[in-house]
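Quick notes on the structure that follows.
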Amino acid sequence: MDLLLGGVLTDALDWRWTLYVNVPIAALAFVGGWLLLSNHRDAANSKLDVPGTILVASGLFAVVYGFSNAETHDWGSPQTWGFLLAGGVLLAAFAWWQTRAAHPPLPLRILLDRDRAASFLTVLITGAGMFGVFLFLTYYLQINRGFSPTKTGVAFLPMVAALMVMAQVGTTVLVPRLGPKVVLPLGFAIATAGMAWLTGIGIGSDYTTAVLPQLIIVGMGLGMVMPPAMQLATGGVAAEDAGVASATVNAMQQVGGSIGTALLNTLAASVATDYLAGRDATSKLVRAQATIESYTTAFWWSAGFFAAGALIAFVLFRRGVPQQDESAAPVVHM
């Protein structure tokens, strides 16, 4: 629905309204929280871990910025690998500090459960790969096929519908019966097949034959992965860790999306530039084909992300059906 609402706002008003619309929503949430939430403190005398916050924020910034720099510089530039290396060191330092901090923002006991750690990685990989669908397919539909923003939002609805249906089937039927070690790798494999099929788009491809079936397949695969992974990541934690687990899931999704956007944009731009080299860049047909090459490259990389996710999920998740701890915090479904 975000894509559809964004398209409607862009067509009816201006693209900036996709940002402005968050202001009244945030104001409503603020007022609701002020009026409805109690002032009870679950963690008395807790303090903000300033060193840990600085380390993780700096590390994530360096990683994303390093991937972004590869587009304007190159992969061998210190502006690229230097930031990536610094990001890795900072994140490693953050992990070490969590074993020393009095009030760590990410207690390592959250990651000690094998299924939960696998779920966090699953959410990260899915967030990175999904942008191959949403971002570059939006480019294709609007720039190459001439879709309006609203029509583009409508074009994604079949994928959203397939995702919602399979989310219910995955979380309520498949995972309770087969376990995550079967269901999540299968979902990743289905999404991989859909993304690989989507690389067949061309300049004059028709939406109903070259995009729609592939979107439905990708939606089905992601529906078997993302909601069950979120449920497994937040289910079974102790009541005092419920907030941390939920925040970590959200952070993994946002970080995966940021890394995916930076990396895929960089790779796509590089491919388009290489394609135009030695060709008539003033030709509309040549420029259009260059964009197709960039989109399909992003689709292949997204397929690679999902394929890696399938392998990681198969290796890391335990066999069997996950057991719910009765003393754990309840899982809230949105």
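Brief remarks on what is shown
- Stretchable slack from T199 to K284, in nm (0.36 nm times residue separation minus alpha-carbon distance): 28.5 nm
- The chain - charge dipole about Cα centre, Lys and Arg +1 at Cβ, Asp and Glu -1, debye rounded to 20: 300
- Of the residues G179, G320, G59, the one that moves most in a GNM of the chain with alpha-carbon contacts below 10 Å is G320.
- Axis of helix 157-169 versus longest Cα principal axis of the chain: the two differ by about 30°, to the nearest ten degrees.
- Ranked packing of 298-308, 269-279, 26-36, most packed first, by mean Cβ within 10 Å: 298-308, 269-279, 26-36
- Alpha carbon convex hull of the range 169-258, projected area averaged over orientations, nm²: 7.2
- Placing unit charges on the Cβ atoms of the charged side chains and taking the dipole of the range 241-328 about its Cα centre, the candidate lying farthest along the positive direction among A308, T297, A242 is T297.
- Prolate/oblate/rounded call for the chain, Cα gyration tensor, a/c under 1.5 rounded: prolate
None of the figures in this text is laboratory data; all of them are computed from the coordinates on show. What you see is a predicted model; the values in this text were computed from it and never measured. All Cβ positions, glycine included, derive from the backbone under ideal geometry; neighbour counts span all protein chains shown.
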